[in-house]
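Trainee: Supplied in structure tokens, the structure appears directly below.
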Amino acid sequence: MHEISLCENIRSLLEAEATEQEFKRVTRVWLDVGAFSCVEPEALRFGFDAVMRGSVAEGAALEIDVQSGEGQCTGCGATAGVSDRPALCPECGAPVMVSGGGDELRIRKVEVV
């Protein structure tokens, strides 16, 4: 389960920011997780709680927002948000080719005290 190592990286980033920004505790973390990032949100949530023990983020709430990718239709050229592969164009029904986004994992916002 690679979500544990992702959570360890998040913990390291939060610990480094706590030192640099001089805050004592993280109370909430918002993550953007791409639909094609190969990250399972529930596994990430489980790993987050376990890995954050003993850190500045122990007990912090985790908010996960799954981000769709951007696809362009191979038939009509329309663009649309895509969250599944393969996807069909909402305009004409042709296959949609994913052209960008949906593979990210990023910390969008952190609430601290």
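Trainee: Under 8 Å for C-alpha pairs, at least 6 residues apart: give me the relative contact order for the chain, rounded to a whole percent.
Mentor: Relative contact order comes out at 34 percent.
Trainee: Working from the alpha-carbon coordinates of the chain, get Rg over Rh, Rh being the Kirkwood radius.
Mentor: Dividing the radius of gyration by the Kirkwood radius yields 1.13.
Trainee: Now for a different question. Using a 1.4 Å probe, what is the accessible area per residue for the chain, in Å²?
Mentor: Heavy-atom SASA per residue in the chain reads 59 Å².
Trainee: Ok, one more. For L31, enumerate residues with amide H under 5 Å from its amide H, sequence gap 5+ or separate chain, H modeled in the peptide plane.
Mentor: Under 5 Å from the amide H of L31 lie the amide H atoms of E63, I64, D65, R108, each far enough along the sequence or on another chain.
Trainee: Within segment 1-39, list the GluC sites (Glu not before Pro) lying in a DSSP loop whose Cβ has at most 15 other Cβ atoms in a 10 Å radius.
Mentor: E22
Trainee: Now, a different point. Dipole of segment 1-112, Cα-centred, from +1 at each Lys and Arg C-beta and -1 at each Asp and Glu C-beta, to the nearest 20 debye?
Mentor: That gives segment 1-112 a dipole magnitude of about 120 debye.
Trainee: Would you mind finding the longest exposed-site-free stretch of the chain, with exposed trypsin sites (Lys or Arg not before Pro) meaning DSSP loop and at most 11 other Cβ atoms within 10 Å?
Mentor: By the stated rule (loop sites, at most 11 other Cβ atoms within 10 Å), 54-113.
Trainee: Along the charge dipole of the chain, which of G102, F36, I10 sits closest to the positive end, that is, farthest toward it, with unit charges on the beta carbon of Lys, Arg, Asp and Glu (+1, +1, -1, -1)?
Mentor: I10
Trainee: Could I ask something else about it? At a 1.4 Å probe, what is the % contribution of carbon and sulfur to the accessible area of segment 33-111?
Mentor: 47 percent
Trainee: If you keep only loop residues by DSSP, which GluC sites (Glu not before Pro) in segment 25-108 have at most 13 other Cβ atoms within 10 Å of their Cβ?
Mentor: Hits after loop and neighbour filter: E58.
Trainee: Given only helices, namely DSSP H runs of n ≥ 4 each adding -39500 (n - 2.57), what is the per-residue ellipticity at 222 nm of the chain, to the nearest 500 deg cm²/dmol?
Mentor: -8500 deg cm²/dmol
Trainee: So for segment 46-94, averaging the separation of alpha carbon pairs under 8 Å that are six or more residues apart and normalising by length, what relative contact order in percent results?
Mentor: Value for segment 46-94: 24 percent.
The values are calculated or read from the model by the stated rules, or taken from the named source; none is laboratory data. Remember, it's a predicted structure, so these values are computed and weren't measured experimentally. With ideal geometry, Cβ positions are generated from the backbone for all residues, glycine too; neighbour counts draw on all protein chains shown. These area figures cover heavy atoms from the full protein model, side chains too; ligands, DNA and RNA do not enter into them. Shrake-Rupley method; radii C 1.70, N 1.55, O 1.52, S 1.80 Å.
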